[in-house]
Amino acid sequence: MPFATDDLRRAKHSLEQFRANAVSPHHERYSFPFFSGTYFSYRKIDVMRVVAVAKAVSNSPSYLDVGCGYGDFLGRVKEFLPGAQGMEKDAGIFYGLGMEKPAHIAVADAHWIDRRYDAIFVGWMEPGQDFRDPVSKSTDVIITTLDQGISLAAEFDGHGFERVAWWRTPSWEDVNVEMMNRYYTQMPEPKRAELARMRGAHNLWYVYAKPAKAGIVRAALERQVGIEDPRDRYEFEYVLDKLGFGYMEELETTAGQLWRIYGN
C-alpha cells in the first residue's frame, strides 16, 4: 500500500524529534526501521550468510532485493555483491520527501519481475500481499525473512523449492520494546526484567533452493558458519548485545539459540 506523503512527512518529523533526545544514534534503526533500518534486525553475520548463498550459485551472482525500501540491508549486501539490485513498489517514499532514489533501486511491482536472478531476497512482504509466484519463476534460490504473524506469505515450500536451512533473530519490535523499556521510560527494573523474559525473538530467516541447487547452497552455508566470527561486526550490533539479544543467546520463551542455523 503506497504511503501518503503527509504521513511520511509526519513520520520523518517524529524521527527528527527522536534524534534530538536519543540515548544512542543507533537506536533509531529499531524505533524507526522504515527510515533508518529494516523490519528485521540483522548482524553482519546475516549479510555474509546471504552473500555466501548467492556466491554458491555463481562467481558473479545477480541478486535482487524485493521490497527493499530505502535499501539499508541491500546496501550492506552490495558491498560484497556490487551488482546487487533492489526493487521498491512505492516511488513516493523517495520523491514525496524530496530524496534522491539510488540508481540500483528500481521502482517496480514484484509481480512484474522481467528477468532471472541467481538469488532473490525477500525481506518484507506487506500483510495481504503475495508475490511468491513471480519470485519463484525468476530464480532458483530465495532467502526470505518471516515475521511470524505478519508476513506469512514469505514461505516458498509449495512453490517447487526446498527449505535448505533457517535461523532465528529478534524482530525490530522485540528490540524496540526492550530498548524503550530500558532507556526511555521510568519503568522499575524488576518490571522491566519481568517483561524482558516474555519477548519472543520471532523473526525467522529461511533459505530456499530448487532441488538441483539445494546441495551447493547447503554446503556454502556450512562453510560460512565454519568461518563465522562474531567479532567482525557492525557498530550498531552492540545495541542487540546490550538488550539481551546476543549472538547464540537463548531466550526463555524461545527454543534454540539466536542465529544458530538449523537444517530443514
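The values are calculated or read from the model by the stated rules, or taken from the named source; none is laboratory data. It should be emphasised that the depicted structure is a prediction, and the values quoted were computed from it without experimental measurement. We place every Cβ from the backbone using ideal geometry, glycine too, and count neighbours over all the protein chains shown.
Here are the numbers for this structure:
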read-out	value
Glu88 vs. criteria surrounded by fewer than 15 Cβ atoms within 10 Å (Cβ to Cβ), of a type in the set (Asp, Glu) and more than 20 Å from Gly158 (Cβ to Cβ)	no
Verdict on Gly69 being crowded, with 19+ Cβ neighbours inside 10 Å and farther than 24 Å from Val164 by Cα	yes
Residues of segment 13-50 classified as more than 21 Å from the chain's Cα centre (by Cα) and either surrounded by 20 or more Cβ atoms within 10 Å (Cβ to Cβ) or outside any loop (DSSP other than H, G, I, E, B) (or both), total	8
Unique residue being touching a Gly at 6+ places or on another chain (Cβ under 9 Å) and at pLDDT 95 or above when the list is Lys44, Lys78	Lys78
Index of the failed condition, Thr169 passing every other in (1) closer than 19 Å to Ser41 by Cβ; (2) more than 16 Å from the chain's Cα centre (by Cα); (3) among the β-branched types (Val, Ile, Thr)	(2)
Filter result for Tyr234 (hydroxyl-bearing (Ser, Thr, Tyr), within 13 Å of Ser41 (Cβ to Cβ) and modelled with pLDDT of 95 or more)	yes
Among (1) within 18 Å of Phe32 (Cα to Cα); (2) part of a loop (DSSP other than H, G, I, E, B); (3) not polar (S, T, N, Q) - the single one Val177 does not satisfy	(2)
Residue within segment 156-166 that is under 18 Å from Tyr42 (Cβ atoms) and of a type in the set (Lys, Arg) present	no
Neighbours by Cβ (under 6 Å, 6+ apart or cross-chain): first from segment 119-137, at pLDDT 80 or above and buried (at least 18 other Cβ atoms within 10 Å of the Cβ); second part of a strand (DSSP E or B) and charged (D, E, K, R)	Phe121/Asp65
Residue identified as modelled with pLDDT of 95 or more, surrounded by fewer than 19 Cβ atoms within 10 Å (Cβ to Cβ) and of a type in the set (Gly, Ala, Ser) among Gly215, Gly200	Gly215
